[in-house]
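To start, the structure under review is shown below, and the notes come after it.
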Amino acid sequence: MMQVKGDEAPLSAKYHHPERKRSHWEATADMSEDFSEGETDDYASDISTDESRDGKVPGTGDAIVTINTWDGNHQKENTLYVVLVSLHGLIRGENMELGCDSDTGGQVKYVVELARALATMPGVCRVDLLTRQVLAPNVDWSYGEPAEMLPPRGSEEFMHDKGDSSGAYIVRIPFAPRDKYIPKELLWPHIPEFVDGALKHIVQMSKILGEHIGRGEPVWPIAIHGHYADAGDSAALLSGALNVPMIFTGHSLGRDKLEQAMKKGCLSRKELNATYKIMRRIEAEELSLDASEIVITSTMQEVEKQWSLYDGFDVQLEHKLRNVTCDGKYMPRMFVIPPGMEFNHMALPEGVINGEPRLNEASSDPPIWSEIKRFLTNPHKPMILALARPDPKKNITTLVKAFGECRQLRELANLTLIMGNREGIDEMPGYNASVLVSVLKLIDNYDLYGHIAYPKHHKQPDVPDIYRLAAKTKGVFINPAYIEPFGLTLIEAAAHGLPIVATINGGPVDIHRVLDNGILVNPHNQHAIADALLELITNKQRWEKCRQNGLDRIHHFSWPEHCKTYLSHIANYRPRHPQWQRNNEFDDSREIHKKMDEVVGYLDNAVESIEHPTNNSKSRNFGDTTGKFPALRLRKHIFVIAVDYDDNADIVRMIKNVFEATVEEKASGAVGFILSTALTISEINSCLVYGGLSATDFDAYICNSGGDLYYPSSENDNHFGLPFVLDSDYHSQIKYRWGGECLRKALVHWAANIAGKEGGNGKSFVINEDTQRSTTYCHSFKVENPSLIPPFSEIRKLMRIKALRGHVIYCHNGTKLHVIPVLASRAQALRYLYIRWGTELTNMVVIVGECGDTDYEGLLGGVHKTVVLNGVCRKARTVLHSNRNYPLEDVIAYDNPNIVHTGEGCSSTDIKTALGKLGVITTLAIRPGLQLH
């Protein structure tokens, strides 16, 4: 095995280091001056751990709280819209292919059943489970269907009386390569494309629901719930763009995976990152903590042992913040809500209530029984059942050793291993094949033929029959995993009357605390495993007690109970949604139709002046033609100039080159322009004046790295004497979790602390607050030595430890540092413009340099088209991006057909050629009947 190098010590050493503990202590101490006197009354009471033995779901003391369960009185009408996100794996409602690969496991079943169950709850109208559309030839055609309805179990004819739009649906969003199914580790560069597609679906569905049940007003989601890191990253961006609450469920966390792997010393951090993109995954989980209102966990172990490894969560600090109002400091609430199950369709185990079990005749047995029994010499013996894919962490080989080395166990029982579905061993992934080969060798070594079954195939509907077979024989279910995040199979087994033997690590502890239906064991101790199995098989009274306890208490894990708790927690938060629906100074729908006639007439006149665009001021003054009604809604195409120059002359040259490349389209009035930059609005104005340009040459200005958004304005309504008007609605979207003055003070303190530290060449780090460039939603700092700048991940870590949230950006070749709201960015501002004004993202063309500011990656992903100017801002790659936690290749799809590179230059000809490759440069002359968007 490869040894862990000195700088790659286990994460426990780093994340439980005294320095980190001291930082959390200081964060709590620093909050004393920020606390209000009164305590919040958001929640009713803590869960009492003493109640758990009465069959109630275990609580977590100070860290986790509960409120009254959902009874439907919260919502008199069915108007709630819930969005779930689960990206990877193969997801469908029926005949799930669980175990076909490492991405298609328990999470798939969990999210499908959650969507199905939520849709049946009082007050809920619609539940959408958003996932990836897969059109690959090597997967079933059903994964390529755009939508699939999920009717409630046992109600195939179920239909809400509010229309076809209600109920639960799987909605498949096309993103990533269309013709192949790829593992989750390769999906990261394609996340923005999913976000844009999902955003369009949600906006459209909100309008449809508004027409049916919202009295004409859009019905926005009450929450967007991301499952696993990739979906959490997506849900954070969707939540920020829509201004709706986010929920997150981690499902096996990255830091814990990294720590466990490094403790074993089998892989270096570099190898782990190359294979599993683990650092990108961890950052996605940190971002999910930044953005979430609620984090749902299956067990307390996940909170205490896994989330405690993250910069953005601390149990003690979370409890402190829960009980006070502290301006600027936030932490998501952790709630333990075990996954549910649907028990209505389950039949009670047969033949185990009175006397000895007796199997039915073969002719009446389910087909899977014959498939299992053909392996066994005496199929009537009690069955020890394990159901897990052949993954090393599932510890199947230790179970086989325990069975093979205990003669009494072999004589009294059979062992059945349901290890997913497979064809040939050579076609399996390497680590799965290795486990299976080890199992087969152990079977041969212990001569277990006739005592052990290991069928190659089973269908999802066969699983209940497998449990029933084990229960009929008075068998035992075992989960010997080294660590089990939850253990849904344990609940399934209990519902079928099977006692359990399970690992002491993870979720089984909480399940056993509620059900009290078996024995917990150390998964590393094969003798303890054998003894526990032997105890339950030979002690009939204990077997019967464990069986009955499980059946009596299993209702605590039902889907209705899960959904009641789930919805109650959501209902306890203040709903958020796009704010411009109220008191909107820009968007007066009564004026839109009046303006349309004026605009179309204006565009018709503009066609006549295409040959002389520079002499026609009206063609550049589109914003003034419609007063406060922005022209963005009416543009056919929009060019976003987002080249990260820090010199006015370079910026002006680039703007004029783009204008020249699009001169005919620009003159037609059917295209618009957005300037996206780290500059302040005052600096932008100076730049325009320097270049002899007009404010109305652009339809919008994204300033301060996405901290502010402006539109061109008339002289009577401007910004401090400048020809711009601020979009205050944009601020209402991005202010979520903005630390304001509290964050500013923390950053000033940090800058002062590093002022005396020296870099490798003996020069000191010097970072000073830049009050002139700072705005309400952008804290700006000057960097004296750009070559020595600390990684922006260091500043993010500092803020997270102190329960402060923000987006950290180095700009202007490292001479400036910006901190803006956590879900604000230049890319998010474009999504805001889509939602706000209907500017189609697919009709946008973003023009960027070869590299740029540290928010650069967000500008390349998505459904828009991108022109990359080779050679422009190349220096930023080494100055700003060289000390990242993960390479740009992990987050940018360079083979995306929507991305085109120019030659070594940025002339108007280069730009026009690139636009031609994208199919954008065509004569957009306005003709009668042209429909504008």
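The values are calculated or read from the model by the stated rules, or taken from the named source; none is laboratory data. Worth saying up front: this structure is predicted, and the values here are computed from it rather than measured. Note: ideal-geometry Cβ built from the backbone for every residue, glycine included; neighbour counts use all protein chains shown. With ligands, DNA and RNA removed, areas are computed over all heavy atoms of the protein, side chains included. Shrake-Rupley method; radii C 1.70, N 1.55, O 1.52, S 1.80 Å.
Per-residue answers, yes or no, for (1) under 18 Å from Tyr777 (Cβ atoms); (2) of a type in the set (Val, Ile, Thr):
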site	(1), (2)
Cys811	yes, no
Val819	yes, yes
Ser825	yes, no
Arg831	yes, no
Ile835	no, yes
Thr839	no, yes
Asp853	yes, no
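Is it true that Ala502 is free of Cβ contacts under 8 Å to residues at least 60 places away in the same chain, in contact with a strand residue (DSSP E or B) (Cβ under 8 Å, 6 or more places away or on another chain) and buried (at least 23 other Cβ atoms within 10 Å of the Cβ)?
yes
Does any residue of segment 713-723 turn out to be in a loop (DSSP other than H, G, I, E, B), under 25 Å from Arg633 (Cβ atoms), open to solvent by less than 40 Å² (accessible area, probe 1.4 Å) and at pLDDT below 95?
yes
Please tell me if Ala502 is closer than 10 Å to Phe477 by Cα and in contact with an Asp or Glu (Cβ under 8 Å, 6 or more places away or on another chain).
Yes; evaluated as a whole, the condition is true for this residue.
Residue under question is Tyr276, and the condition is that it be surrounded by fewer than 20 Cβ atoms within 10 Å (Cβ to Cβ), at pLDDT 85 or above and within 30 Å of Lys393 (Cα to Cα); does it hold?
Spelling it out, Tyr276 is indeed surrounded by fewer than 20 Cβ atoms within 10 Å (Cβ to Cβ), at pLDDT 85 or above and within 30 Å of Lys393 (Cα to Cα).
Can you tell me which residue among Asp516, Asp531, Asp587 is at pLDDT 95 or above, acidic (Asp, Glu) and under 38 Å from the mean Cα position of the chain (by Cα)?
Checking each option against the conditions leaves just Asp516.
Answer yes if at least one residue in segment 694-709 is of a type outside the set (Val, Ile, Thr), part of a loop (DSSP other than H, G, I, E, B), surrounded by fewer than 21 Cβ atoms within 10 Å (Cβ to Cβ) and in contact with a helix residue (DSSP H, G or I) (Cβ under 7 Å, 6 or more places away or on another chain), and no otherwise.
Checked segment 694-709: at least one residue is of a type outside the set (Val, Ile, Thr), part of a loop (DSSP other than H, G, I, E, B), surrounded by fewer than 21 Cβ atoms within 10 Å (Cβ to Cβ) and in contact with a helix residue (DSSP H, G or I) (Cβ under 7 Å, 6 or more places away or on another chain).
Given the criteria of a type outside the set (D, E, K, R), out of contact with any Pro (no Cβ under 8 Å at 6 or more places or on another chain) and open to solvent by less than 20 Å² (accessible area, probe 1.4 Å), does Val139 qualify?
no
If you check every pair at least six apart or on different chains, which have Cβ atoms under 8 Å apart with a residue in segment 540-560 that is open to solvent by 60 Å² or more (accessible area, probe 1.4 Å) first and a residue that is aromatic (Phe, Trp, Tyr) second?
Going by the 8 Å Cβ cut-off, the qualifying pairs are His555/Phe343.
Tell me, which helices (runs of 4 or more DSSP H) wholly within segment 390-496 include 1 or more residues that are modelled with pLDDT of 95 or more, open to solvent by 50 Å² or more (accessible area, probe 1.4 Å) and in contact with a helix residue (DSSP H, G or I) (Cβ under 6 Å, 6 or more places away or on another chain)?
The helices (runs of 4 or more DSSP H) meeting that bar are 396-404, 407-412.
Return the total of residues in segment 511-525 being open to solvent by 10 Å² or more (accessible area, probe 1.4 Å), over 15 Å from Asn549 (Cα atoms) and touching a Pro at 6+ places or on another chain (Cβ under 7 Å).
1
Among the residues of segment 55-78, is there at least one that is modelled with pLDDT of 50 or more, surrounded by 14 or more Cβ atoms within 10 Å (Cβ to Cβ) and touching a His at 6+ places or on another chain (Cβ under 8 Å)?
There is at least one residue in segment 55-78 that is modelled with pLDDT of 50 or more, surrounded by 14 or more Cβ atoms within 10 Å (Cβ to Cβ) and touching a His at 6+ places or on another chain (Cβ under 8 Å).
Within segment 300-316, is there a residue that is closer than 23 Å to Asp230 by Cβ, modelled with pLDDT of 85 or more and small (Gly, Ala, Ser)?
yes
For segment 852-886, enumerate the residues that are under 25 Å from the mean Cα position of the chain (by Cα) and open to solvent by 30 Å² or more (accessible area, probe 1.4 Å).
Matches in segment 852-886: Glu857, Val863, Lys865, Asn883, Arg884, Asn885.
For Thr839, state whether it is within 28 Å of Arg635 (Cα to Cα) and surrounded by fewer than 15 Cβ atoms within 10 Å (Cβ to Cβ).
Judged against the criteria, Thr839 is not a match.
Just name the residue that is nearest to Ser298 (Cα to Cα) out of those in segment 204-232 that are open to solvent by 10 Å² or more (accessible area, probe 1.4 Å) and part of a helix (DSSP H, G or I).
So, considering only residues that are open to solvent by 10 Å² or more (accessible area, probe 1.4 Å) and part of a helix (DSSP H, G or I), the one nearest to Ser298 (Cα to Cα) is Met205.
Counting only residues that are in contact (Cβ under 8 Å) with a residue 12 or more places away in the chain and within 28 Å of the chain's Cα centre (by Cα), give me the strands (runs of 3 or more DSSP E) lying completely in segment 732-830 with at least 2 of them.
So the answer is 807-811, 816-820.
Which of the residues that make up segment 279-301 are open to solvent by 10 Å² or more (accessible area, probe 1.4 Å) and under 23 Å from Ile801 (Cα atoms)?
Result: Met279, Arg280, Arg281, Glu283, Leu287, Glu293, Met300, Gln301.
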